[in-house]
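Worksheet for the structure shown next.
Bear in mind these aren't lab numbers, they're just calculated from the coordinates by the rules spelled out. In this text, all values refer to a predicted model and were calculated from it rather than measured experimentally. Glycine gets a Cβ as well: all are built from the backbone with ideal geometry, and neighbour counts include every protein chain shown.
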Amino acid sequence: MLGNEKIVIEGAEINLKETDKICIHVLPSLLHFMMALRAGVSPEKLGLTKEGDSAYIQCPDPGEPYTERGTVIFEVEVIK
């Protein structure tokens, strides 16, 4: 994922028609917080931002020299 791409999660499903790409490395980190965010817990309370409604979650892929890609930070918004 290189930027301005999106993963759309509706309920318990990933909407594949509206999702650009899915990096499997981010799924554990992302899904760990999704239930709390969907339930209305603020990103600030979860420690995922200093302020605002967006959460920032980092992919655990370490990047070079260990992997070909690298760390990505995802901006997560809950849209109702």
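Some points to look at:
- Note: relative contact order over the chain, using C-alpha pairs below 8 Å and six or more positions apart, is 21 percent.
- Exposed loop sites here are GluC sites (Glu not before Pro) assigned a DSSP state other than H, G, I, E or B and surrounded by at most 12 other beta carbons within 10 Å; excluding them, the longest clear run of the chain is 19-50.
- Among the chymotrypsin sites (Phe, Trp or Tyr not before Pro) within the range 47-80, those in coil by DSSP and having at most 10 neighbouring Cβ atoms inside 10 Å are 66.
- Charged side chains reduced to their Cβ positions (Lys and Arg at +1, Asp and Glu at -1) give the chain a dipole of some 200 debye around its Cα centre.
- Annotation: aspartates and glutamates with alpha-carbon distance below 18 angstrom to residue 21 (same-chain offsets under eight excluded): 5, 10, 13, 61, 68, 75, 77.
- Taking each DSSP H run with n ≥ 4 as -39500 (n - 2.57) and averaging over every residue of the chain yields -4500 deg cm²/dmol at 222 nm.
- Surrounding net charge for residue 48, when Lys and Arg each add one and Asp and Glu each subtract one, Cβ distance under 12 Å: -3
- Rg then Dmax, both in Å and based on the Cα atoms of the chain: 13.0, 40.
- Trypsin sites (Lys or Arg not before Pro) lying in DSSP loop within the range 9-48, provided at most 10 other Cβ fall within 10 Å: 17, 21, 45
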